[in-house]
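Structure, as structure tokens:
Values in this text are rule-based calculations from the coordinates and carry no lab data. Quick caveat, the model's predicted, so the values are computed rather than measured. Here the Cβ positions follow ideal geometry from the backbone for every residue, glycine too, while neighbour counts run over all protein chains shown.
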Amino acid sequence: GENVEQHPSTLSVQEGDSAVIKCTYSDSASNYFPWYKQELGKRPQLIIDIRSNVGEKKDQRIAVTLNKTAKHFSLHITETQPEDSAVYFCAATFGNEKLTFGTGTRLTIIP
Amino acid sequence: SAVISQKPSRDICQRGTSLTIQCQVDSQVTMMFWYRQQPGQSLTLIATANQGSEATYESGFVIDKFPISRPNLTFSTLTVSNMSPEDSSIYLCSVRGRPNSYEQYFGPGTRLTVT
């Protein structure tokens, strides 16, 4: 089955700087890669996703890149703000199969 | 995205008892899932709730311990049976809505504490 590794487990960045979280997956058939943000005590929230037919997708300050050859994808947050502090999870799946989640990255934005 | 509600939002239960968690969606969805999330951990899939048939359980989870129902396309229940303190966790319902859409959304979760 699919295996997703996520790094780093914790990340602290100065407000205004960029943050990058990286994930690798094992199943070359995987074709859908979502990212979730989970604030303390809240549900995971889908913030951005990418399908395997594109290499990059942007939504305001967040972007996701995908390298199918290397089987890794990354979340990029620019101009970080205090409200970006949360735990971020990557995931991967093929079609309508179950999502396989990474272990999570706790992002702290330092004012 | 679909609006997902769960009941109860939290509960404190005695060991040996059972709790049934309800998940209601405001629109018909193709797939419904149940997850467990331990404090500070990632999301662990318990099972996929299948409409009109038995749920599909992941390794380590069994129907006798976590019976699941899904009578229609908008509702599902998860029961945590014969609870022990190790069952203390957050239980999350999750759904995929439209056919050919892979987007998956989560309910607000049920925080369960077993004493």
Relative contact order as a percentage, chain A, C-alpha pairs under 8 Å and 6+ apart, gives 37 percent
Between segment B:64-115 and segment A:40-106, what is the C-alpha centre distance in whole Å? 23 Å
Across chain B: Cys residues that no other cysteine approaches within a C-beta distance under 4.7 Å: B:CYS13
Counting other beta carbons within 10 Å of each residue's own, what order do A:HIS76, A:HIS7 fall into, fewest first? A:HIS7, A:HIS76
At 4 °C and 1.567 mPa s, grab the translational diffusion coefficient of segment B:54-95 from Stokes-Einstein with a Kirkwood Rh over Cα pairs, rounded to a whole number in µm² per second. 112 µm²/s
In chain A, if every C-alpha pair distance is counted and binned at 10 Å from zero, what percent goes to each bin? 16, 50, 29, 6, 0
What do you get when you divide the Cα radius of gyration of segment A:46-111 by 2.2 N^0.38 Å, with N the number of residues? 1.19
Is there a quick way to get the dipole size of the protein assembly as shown? I mean about its Cα centre, with the Cβ of Lys and Arg at +1 and of Asp and Glu at -1; what is the value in debye to the nearest 20? 240 debye
One-quarter of the Cα convex hull surface for chain B, in nm²? 6.8 nm²
Determine the principal axes of the Cα atoms in the protein assembly as shown, then give the extent along each, sorted from largest to smallest and rounded to whole angstroms. 49, 38, 30
How high is the FRET efficiency between A:GLU15 and B:ARG98 when r is their beta carbon distance and R₀ equals 30 Å, given to the nearest 0.05? 0.20
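Under 12 Å from the Cβ of A:HIS72, count the other residues' Cβ atoms, weight Lys and Arg +1, Asp and Glu -1, and hand me the total.
Its environment carries a net charge of +2.
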Can you give the charge dipole size of chain A about its Cα centre, rounded to the nearest 20 debye, using +1 on the beta carbon of Lys and Arg and -1 on the beta carbon of Asp and Glu? 220 debye
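Tell me, what is the Rg over Rh of segment B:1-49, with Rh the Kirkwood radius over Cα pairs?
0.99
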Positive end of the dipole of chain A, charges at C-beta (+1 Lys, Arg; -1 Asp, Glu), about the Cα centre: which of A:LEU75, A:ALA92, A:SER9 has its Cα farthest in that direction? A:ALA92
